1. Can you tell me which lysines have their Cα less than 20 Å from the Cα of Lys249? Leave out same-chain residues fewer than eight positions away.
2. Based on the alpha carbon coordinates of segment 199-252, what radius of gyration and maximum Cα-Cα distance (Dmax) apply, in Å?
3. Could you tell me the convex hull volume per residue, in Å³, taken over the Cα atoms of segment 231-300?
4. Suppose the chain between Lys43 and Lys279 were pulled fully straight at 0.36 nm per residue; how much longer would it get relative to their current alpha carbon spacing?
5. Measure off 7 Å from each Cα along the Cα-to-Cβ vector at Ser105 and Asn300, then give the distance between these two points in nanometres to one decimal.
6. In whole Å and largest first, what semi-axes does the C-alpha gyration tensor of segment 80-190 yield when each eigenvalue is scaled by 5 and square-rooted?
7. Counting other C-beta atoms within 10 Å, and keeping those with at most 12, which DSSP coil GluC sites (Glu not before Pro) do you find in segment 216-302?
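Bear in mind that the values in this text are calculations on the coordinates, not laboratory data. Given the structure is predicted, the values throughout are model-derived calculations rather than measurements. Here the Cβ positions follow ideal geometry from the backbone for every residue, glycine too, while neighbour counts run over all protein chains shown.
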Amino acid sequence: MDRARLAVAAVVVGLALWWSGQGGVAAIWLLGSLGALALYPHKIVRVDPSGKAVFITGCDSGFGNSLARRLFARGYLVFAGCLNPECTGAQKLKADCTGKLHVLSVDVTDEWQVRGAVKYVKENIGDHGLWAVVNNAGVAIFTEIEWCSVLQFQRILDVNVLGVVRVTKAFLPLIRTAQGRVVNVASLAGRYTFPAFAAYSMSKRACIAFSDALRLEMKKFHVKVVTIEPTLYKTPISEKNVLEQQNRKSWSETPPEIKEAYGDEYFDAFIHNIDNQMKRAIPNTTYVIDLMENAVTDVNPQARYVAATPAGKIRAAILSFLPQTITDIIFEKTTPKCLPRQSTSSSVSSASDNDVNSN
């Protein structure tokens, strides 16, 4: 019996207990059943890779590069989309996987390049069907809202959300014909790891919403839609130096009045805090690649894969049930310990005013 049927059976038993007047027992039963189901192993049955092609974005490095190698080794025809096909990662991928792997240029923010990628795939797919599109390309920006420019918001949404929409819509006709699947990578880094940084959190939620809607719409065509949600892993887009450079560039371009309100001391504390949070990033990305591979190759993939440690999953589950006031208190513990300059001066002014009013 698979997990879906077990879940239905558990709910039926729980409802029966509730209707019989045993509400407490029903609650315990359902909680215990959900915990058991979380640990219940999903049996993976691999699809036959013969005659199947896969298109992956963001293969310059990181998750995409590793997944392209995995699927090539399994016998899939792989189209590895790279922002810069001449970079070291893309060139090494091309050299290591000769034959059934194509490296091509694609910027997911460029409509014409995406259309060009579709044209290239059609011209080189031969008698294969396009089994899967994996939307893996992404960028990360971790800054505070007031020194994150609108252009930066636009950039991250254009890559992480509209890029997914562009690529998916462009390749859907081929996917529908093959009755294949769409796999979208939407990082969980944010709300349940450390305080959500607006641009990154917005893009993650929007990508998941798009995936949920697409999954329901594509059922009638027998096309599966899967989301992969990694927590904080060490990848090129989350490297300490990259994030620090982004913040320092944003800070240098911030209007003087905003910089004055925060102060350089607060900014330095913010950078130090980001460094500390990134130390929690999981160095081994194998588990994420395993889940991405399962999403493409399993006959019955799950709709959602959360690539987190057991402790991380428990933490996320607990936080999701806590009131907002409590989670705010918890997350405040991971914010910079230094107060912004304006906050400190306001506190002093308030204290002085109170002293005057009390005399």
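1. Filter leaves Lys240, Lys259.
2. Radius of gyration, then largest Cα-Cα span, for segment 199-252: 16.4, 51 Å.
3. Values: hull volume 8.0 nm³, N = 70.
Residue-normalised Cα hull volume stands at 115 Å³.
4. Values: separation 236, 0.36 × 236 = 84.96 nm, distance 3.38 nm.
Length gained, Lys43 through Lys279: 81.6 nm.
5. Using points 7 Å along Cα→Cβ, the separation is 4.5 nm.
6. On the way: eigenvalues 151, 60, 31 Å².
Semi-axes, largest first: 27, 17, 12 Å.
7. On the way: sites: Glu217, Glu239, Glu244, Glu253, Glu257, Glu260, Glu265, Glu293; in loops: Glu239, Glu253.
Here the sparse-neighbourhood loop sites are Glu253.
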